[in-house]
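First comes the structure, then the notes that go with it.
The values are calculated or read from the model by the stated rules, or taken from the named source; none is laboratory data. Being a predicted model, the structure only gives us computed values, none of them experimental. Don't worry about glycine lacking a Cβ; one is built from the backbone with ideal geometry, like all the others, and counts go over all protein chains shown. Protein only, heavy atoms only, side chains kept; ligands, DNA and RNA dropped before computing areas. Shrake-Rupley method; radii C 1.70, N 1.55, O 1.52, S 1.80 Å.
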Amino acid sequence: ALVATADAVRHYQAVCLPMSLAGRLVGRLMPSLSARAARPAPGIVRRGMASYTEQMEKTGRPLSPHVTIYAFPTIALSSITVRATGILLTVGCVGVAGVSATSGPEATKSKVQAIADSGAAPLAKFAVSWPLAYHFCGACRHAVWDLKGYGFTNAMMLQSSYAVMGASLAIAFLATSASLPADKKE
């Protein structure tokens, strides 16, 4: 058995790991300097070599499934949704800033007031409050993971994914309903 000494581990962390990362970076930026450049491109088969499909048929192993039939785990979907809501919030802020910059603040105020007075007001308010609530709850979850190192089991991550969804929906419904005008009785 090979036993890693503390000096060997420190050498790997200090020298080998940065060099391998630098090698990958150089390989991506300058492929002509990389050993990968000597390999044929995907789909090009060298003389005498079987294609990937032929190799898998010889071994009896199936080809990897396509991403369209792969069911993403709930944890992955939750993480993707945190990123997507961040992108949506950024696009929304840039859009409002763009309207304000090109048309002036009064035009922005009148457009927002027109949406608030329309029948689409509850939907518009929910469309703003839910991504904000989900992104905030997801950020809180990631802060707990990063700062405390708590919740890194699959079961806890799955529970936190459902908790983030439930909390964000509750916050969004509360924010939407609290901001709606009261019914006027005549």
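Between Ala107, Ala133, Ala101, which is part of a helix (DSSP H, G or I) and open to solvent by 60 Å² or more (accessible area, probe 1.4 Å)?
Selected residue: Ala101, the only one of Ala107, Ala133, Ala101 that is part of a helix (DSSP H, G or I) and open to solvent by 60 Å² or more (accessible area, probe 1.4 Å).
Please determine, by comparing only the residues of the range 136-156 that are hydrophobic (A, V, I, L, M, F, W, C) and closer than 16 Å to Arg83 by Cβ, which one is surrounded by the fewest Cβ atoms within 10 Å (Cβ to Cβ).
Step by step, filter the range 136-156, then rank; the result is Ala143.
Testing Ile115 on (1) β-branched (Val, Ile, Thr); (2) at pLDDT below 95; (3) open to solvent by less than 40 Å² (accessible area, probe 1.4 Å), one condition comes back false. Which one is that?
Evaluating Ile115 over (1) β-branched (Val, Ile, Thr); (2) at pLDDT below 95; (3) open to solvent by less than 40 Å² (accessible area, probe 1.4 Å) leaves (3) as the failure.
Within the range 140-153, which residues are more than 18 Å from the chain's Cα centre (by Cα) and in a helix (DSSP H, G or I)?
Selection gives Leu147, Lys148.
Inspect the range 170-185 for any residue being charged (D, E, K, R) and open to solvent by less than 80 Å² (accessible area, probe 1.4 Å) and give the result as yes or no. Steps first, please.
Applying the first criterion (charged (D, E, K, R)) to the range 170-185 yields 183-185.
Right, trim to open to solvent by less than 80 Å² (accessible area, probe 1.4 Å) and you get none.
No: the range 170-185 contains no residue that is charged (D, E, K, R) and open to solvent by less than 80 Å² (accessible area, probe 1.4 Å).
Which pairs have Cβ atoms under 7 Å, sit 6 or more apart or on different chains, and link a residue in the range 74-99 that is hydrophobic (A, V, I, L, M, F, W, C) to one that is exposed (fewer than 14 other Cβ atoms within 10 Å of the Cβ)?
Val99/Ala107
In the range 76-98, which residue that is surrounded by fewer than 14 Cβ atoms within 10 Å (Cβ to Cβ) and of a type in the set (Val, Ile, Thr) is farthest from Ala155 (Cα to Cα)?
For the range 76-98, the residue satisfying everything is Val96.
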